[in-house]
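Have a look at the structure below before the remarks.
The values are calculated or read from the model by the stated rules, or taken from the named source; none is laboratory data. Bear in mind that the values here come from a model prediction, so they are computed numbers and not experimental data. Don't worry about glycine lacking a Cβ; one is built from the backbone with ideal geometry, like all the others, and counts go over all protein chains shown. Remember, those area values only see protein heavy atoms, side chains included, never the ligands or the DNA or RNA. Shrake-Rupley method; radii C 1.70, N 1.55, O 1.52, S 1.80 Å.
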Amino acid sequence: MLLALIVACEIGFWLILLAGLATRYLLRRRRLGAALLICVPLVDVVLLTATVMDLRGGGAANFTHGLSAAYLGYSVAFGHSMIRWADERFAHRFAGGPPPRRKPEYGRARVVYEWKEFAKAAAATAVACGVLLAMVAVVGDPERTEALLGWTLRLLMVLAIWSLWPITHTLWPNRPKPGQADQDPASAPAGPARRR
């Protein structure tokens, strides 16, 4: 049941996001589009409420309870940037906006980008682990919440693996290939001001 709710929340996230962007750019109703986009985090509230209610109702914590906490953490940490990513593409495609920003390919800009993404992953891990520990405290029964503590180790392992990207880009940064412009295309100004 909870696994189905996690899948439904993921689908709901994208449906509400697309509805908000379509309302904003296709129907040209900016306020209504903004209101729909503000509703996107409500999906996380629904999932958190259902998870806590299931545990408070006497259910033993299992893989899906931990997965819901991980989903919440990553949704909180990456949700804003995912909305911005989709908004840039919708604005470019349907409203004549500037081309979407691309990930930097090399140099200091790429190193900074990788560390920012790692910081989001660290925030996601902190939120997810906080939710897991809060669920453990709410239930108050170590036997029923043993699986939740195991999830904290999984999340920390994922974060440790993620750290390899910024570390390797810091120690061995990508360099432009011969003939490439000195400036990274991702750092060039967007829109008509960009020179080719």
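Here are the numbers for the structure shown:
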item: Contacts under 9 angstrom Cβ, first residue in the stretch 39-64 being farther than 20 Å from Leu133 by Cβ and among the hydrophobic types (A, V, I, L, M, F, W, C), partner open to solvent by less than 50 Å² (accessible area, probe 1.4 Å) and not in a helix (DSSP H, G or I), 6 or more apart; result: none
item: Selected residue [of a type outside the set (Asp, Glu), within 16 Å of the chain's Cα centre (by Cα) and not in a helix (DSSP H, G or I)] from Val76, Val45, Val40; result: Val40
item: Number of the condition not met by Glu105 [criteria: (1) surrounded by fewer than 16 Cβ atoms within 10 Å (Cβ to Cβ); (2) assigned to a loop (DSSP other than H, G, I, E, B)]; result: (1)
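Every residue, every condition in (1) in contact with a Pro (Cβ under 9 Å, 6 or more places away or on another chain); (2) basic (Lys, Arg), yes or no:
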| position | (1), (2) |
| --- | --- |
| Arg102 | yes, yes |
| Gly107 | yes, no |
| Val111 | yes, no |
| Val127 | no, no |
| Ala134 | no, no |
